[in-house]
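Working notes for the structure below.
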Amino acid sequence: MATPTIHQPSATTATPYAGDHEVVIRTENLWKIYQMGSEQVAALRGVNLQIYRNEYVAIMGPSGSGKSTLMNLIGCLDSPTRGEYWLSGHLVSALDDDELARIRNQEIGFVFQTFNLLPRTSALHNVELPLIYSGAPPAERTERAMAALQQVDLADRVHHKPNELSGGQRQRVAIARALVNRPSIILADEPTGNLDSTTSNEIMALLEVLWERGNTIVLVTHEHDIAEHAHRVIHIRDGQVAGDTRTRRGDAVANRPPAPPA
Amino acid sequence: MGIREAIIVALGTLRAHKLRSFLTLLGVIISVCTLVAVVAMVQGVNTYVGSKIARLGSNIFSVSQFSLNEMTNPVRFMRAKETNPIIRYPDYQFLRANARLPRAIGAQTQRTGTVKHNGRALDEVNISGVTPNVLGMLAFQVANGRFLAPTDEQRRAYVAFVGPDIVTHLFGGANPLGRHILVSGQQYEIIGVATAQGDVFGQSQDNFVMIPLRTYQKIYGNQDSITLDVQARGARLLPATMDEMEMLMRVRRHLSWNEKNNFGIIGSDALMTLWHTLTGAIASVMVGVSFVFLVVGGIVIMNIMLAAVTERTQEVGTRKAVGARRSDILWQFLVESAVLSTVGGLIGVLLAYLFTLAAGALTPIPFSLPLGAVVLAVVISTLVGLFFGVYPASKAARLTPIAALHSEV
Ligand SMILES: Nc1ncnc2c1ncn2[C@@H]1O[C@H](COP(=O)(O)OP(=O)(O)OP(=O)(O)O)[C@@H](O)[C@H]1O
Ligand SMILES: [Mg+2]
């Protein structure tokens, strides 16, 4: 069966959100029910969402409302109990294990709140990891991983192990890893949750650059000033979408004239 | 993920948990070490004994009171003691007079005794009475002086040809030719000294005194059975020569067609065969033991790998989250347990090598690492790792990325 192809962001397709209405992420009545012994916990209760290409979306909501659960489903890390998830026009539940692995490898870059780097492994090797699984030859791998680390301003820390890096540096390594395979979608679950405000701003600046380059960005956060970087905020409460608003920046971007082709 | 990456990842993990890895591998290390060391030992000893037996001289066999079969089985030996008469000098003369095929027939008989010189004494010396023609048939050469001559035999002279141990212990290494030793109250003049042969299993081969057979019988009587050493005229004639000796002995003993031999005919190939059966039995027991170790080692590896999978659920989740397929994870853990086990095998080979070095230095046996056994042991240890790695690896491969990421350890 055909594997879904998601447009690689490029200078020519990198037009602002208002001008582009291709749906990248669409969920229909998405449910996720966790079985806790005899008890059932419904983390998501029928989520309907549409996210367009090159959108910059923040997901907000109280703790335990189901944000991470939703992100994991969007990132193809988990499968829903009920409902449908369409990624770039492909029904994800119909994909087999290897195809899901390929999507996680090529189409989606996931940034975890807890970084999830391999301990005892250098920053460089951590960033190389997705390239190993995409089968890039070693020389190209190192070169691209170095470039990604350069992009997050960590060129001088490539041989450091995670425990030799600060929290902000670790998160930047995680971002480098998420973008090294040039995925079109970046998913970040509270990427600044463990960081101070200065470091948070650095991370947000990085995401801004990625958006500028045409990536679709979905971000979970608790903080309003972080959410203000996005163009649209989806509120989740008790596993359901409780609100969907455009931010001030979103308004500005929407009213901006289309960028001239580079 | 290619095999190179998988191996690099595996070696990295091993390095990160050195002590644990070593303990895990103990079973494999011990089993491979025993396997290789036993094969090396058996091979070394076989070569050694083979060379010793070969030094008996080519195309030589002996006719003796008991067969090998009787000598190696206590029950049969007790029975043979009743039925087999001792071989006496007239038997020797009969065979010499009637045999047509042999190049030479020598005779020897022996006992142990004390040899004295000038107040010094050496116990447990092999005292043999031999015919002069055993020179060239038995495993010794003349280093000094001369060997016993036919005239010594005819005159029943009190002359002795001695092993180097006699010279070192009784003469302090000085030239003993023309000097005298005292054996069982009789003085003998030393006429020659043999070259040194060293030890076989800690038993000195140089601790002997040879006197003419007739002299021996004059002193000790003729109740000690004689062993005849027969040399055929060539390898091709060896079987026929053995047949002739057997036939002549049966005639001499008046055995009818349905009676068994009441003497033994022992060729060097029979000795070798006996030896191989002996060492083969020891080796197969040890190889069996080492395989038990290997299975135990494999099970330990499986357990450790299962623990590693649980402990590294997060790592597996992270790898899956960035695009590792099931097969990648399966492969990673399989290679890891195979590499682990192979490293154990290599350590085992190294230990076996050190063992053979030590054994080679402490004994005269020429130990060497048999390449075939080394390759086999390493291959087997790799296979053990693969086999016992399948279950843990498939367990790791089946983890979902999210279950893996949730397990915060
Ligand atoms: N693996 C799981 N097993 C059982 N229940 C779970 C599991 N993961 C999440 N839940 C439950 O699902 C609900 C939603 O959890 P989720 O992690 O999505 O919340 P969240 O919005 O990300 O919260 P936070 O802001 O604290 O990260 C919670 O009630 C949680 O207890
Ligand atoms: Mg969460």
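Only the coordinates and a few stated rules stand behind these numbers; no lab work does. These figures come from a predicted structure and were not determined experimentally. Every residue, glycine among them, receives a Cβ derived from its backbone with ideal geometry; neighbour counts consider all protein chains shown.
For the stretch B:20-175, the equivalent ellipsoid built from the Cα gyration tensor has semi-axes of 40, 26, 17 Å, listed from largest to smallest. Charging the Cβ of each Asp and Glu at -1 and of each Lys and Arg at +1, and nothing else, the dipole of the stretch B:276-377 about its Cα centre rounds to 260 debye. Other protein chain C-beta atoms within 10 Å of residue C-beta, averaged over A:70-78: 3.
Eigenvalues of the Cα gyration tensor times 5, then square-rooted: what semi-axes does that give for chain A, in whole angstrom, largest first?
Value: 27, 22, 20 Å, ordered largest first.
Give, as a single signed number, the net charge of other residues whose beta carbon lies under 13 Å from the beta carbon of A:Q171, with Lys and Arg counted +1 and Asp and Glu -1.
-1
Across the stretch B:240-245, computed HN-Hα scalar couplings (Karplus, 6.51 cos²θ - 1.76 cosθ + 1.60, θ = phi - 60°) run 5, 5, 4, 4, 4, 5 Hz from first to last residue, x flagging Gly and Pro.
Placing a label point 7 Å from the Cα of B:K218 along the Cα-to-Cβ line, the residues of the stretch B:126-166 whose backbone N sits under 17 Å from it are B:128-132, B:148-161.
From helices alone, chain B scores -19500 deg cm²/dmol at 222 nm; the rule is -39500 (n - 2.57) for each run of n ≥ 4 DSSP H residues, then divide by the residue total.
Between B:A240 and B:E311, what FRET efficiency follows from the Cβ-Cβ distance if R0 is 56 Å, with the result rounded to 0.05? For B:A240 and B:E311, the calculated efficiency is 0.15. When only the Cβ of Lys, Arg, Asp and Glu is charged (+1, +1, -1, -1), the dipole of chain B relative to its Cα centre reaches about 320 debye. With a Förster radius of 45 Å applied to the C-beta separation of B:A97 and B:V285, the computed FRET efficiency comes to 0.35. Per-residue extension of 0.36 nm, minus the Cα-Cα distance of A:D196 and A:D244, leaves a gain of 14.5 nm for this segment. In this simple spin-label approximation, B:T83 and B:V375 carry label points 7 Å from Cα along the Cα→Cβ vector, and these lie 4.8 nm apart. What the pair-distance distribution of the protein assembly as shown shows, using all Cα-Cα distances binned every 20 Å from zero, is 15, 30, 16, 13, 15, 10, 1 percent.
Charge dipole of the protein assembly as shown (Cα centre as origin; +1 on each Lys and Arg Cβ, -1 on each Asp and Glu Cβ, all else neutral): 2740 debye, rounded to the nearest 20. Kirkwood analysis of the stretch A:45-173, using all unique Cα-Cα pairs, places the hydrodynamic radius at 16.7 Å. Peptide A:127-134 is shielded by partner chain Cβ atoms: per residue, an average of 5 of them sit within 10 Å of its Cβ. Ignoring lysines fewer than eight residues from A:K67 along the same chain, the ones with Cα atoms less than 20 angstrom from its Cα are A:K32. Per Stokes-Einstein, at 20 °C and 1.002 mPa s, what whole-number D in µm² s⁻¹ belongs to the stretch B:70-128, with the Kirkwood radius over Cα pairs as the hydrodynamic radius? Diffusion coefficient, whole number: 143 µm²/s.
Exposed loop sites here are GluC sites (Glu not before Pro) assigned a DSSP state other than H, G, I, E or B and surrounded by at most 16 other beta carbons within 10 Å; excluding them, the longest clear run of chain B is B:1-258. Each Lys or Arg adds one and each Asp or Glu takes one away; over the other residues whose Cβ falls under 11 Å from the Cβ of B:Y158, this sums to +1. For chain A, the share of DSSP beta bridges that are antiparallel, to the nearest 5, is 60%. FRET efficiency for the A:E228 to B:F22 pair, using the beta carbon distance and R₀ = 51 Å, is estimated at 0.40.
Oblate is the label for the stretch B:155-237, because a/c, from the alpha-carbon gyration tensor with a ≥ b ≥ c as root eigenvalues, is 1.5 or above and a/b does not exceed b/c. Mind pulling up the Rg/Rh value for the stretch B:103-232? Radius of gyration and Kirkwood radius, both on Cα. When Rh is taken as the Kirkwood radius, the ratio is 0.93. For chain B, the relative contact order works out to 29 percent when only alpha carbon pairs closer than 8 Å and six or more residues apart are counted. Just list whichever of B:K18/B:K395; B:K81/B:K260; A:K161/B:K320 have alpha carbons separated by over 22 Å in the model shown. Listed pairs above 22 Å: B:K18/B:K395.
Pairwise Cα separations in the stretch B:331-390 fall into 5 Å bins from 0 onward with the following percentages, short to long: 5, 20, 22, 17, 13, 11, 6, 5, 2, 0.
The helix-based estimate of mean residue ellipticity at 222 nm for chain A, built from -39,500 (n - 2.57) per DSSP H run of four or more residues and divided by its residue count, is -9500 deg cm²/dmol to the nearest 500. Seen from B:P132, the other residues with C-beta closer than 14 Å to its C-beta sum to a net charge of +2, counting Lys and Arg as +1 and Asp and Glu as -1. Using 16 Å as the cut-off for backbone N distance, which residues of the stretch B:1-33 belong to the label zone defined by a point 7 Å from the Cα of A:E164 along Cα→Cβ? Of the residues in the stretch B:1-33, B:16 have backbone N under 16 Å from the label point off A:E164. Can you pull a Stokes-Einstein diffusion coefficient for the stretch B:210-263 at 10 °C (1.306 mPa s), Rh from Kirkwood over Cα pairs, as a whole number of µm²/s? Value of D from the Cα-based Kirkwood radius: 117 µm²/s.
Across chain B, counting alpha-carbon atoms alone, Rg and Dmax equal 32.1, 103 Å. Within the stretch B:103-232, antiparallel bridges make up roughly 75 percent of the DSSP beta bridges whose residues both belong there.
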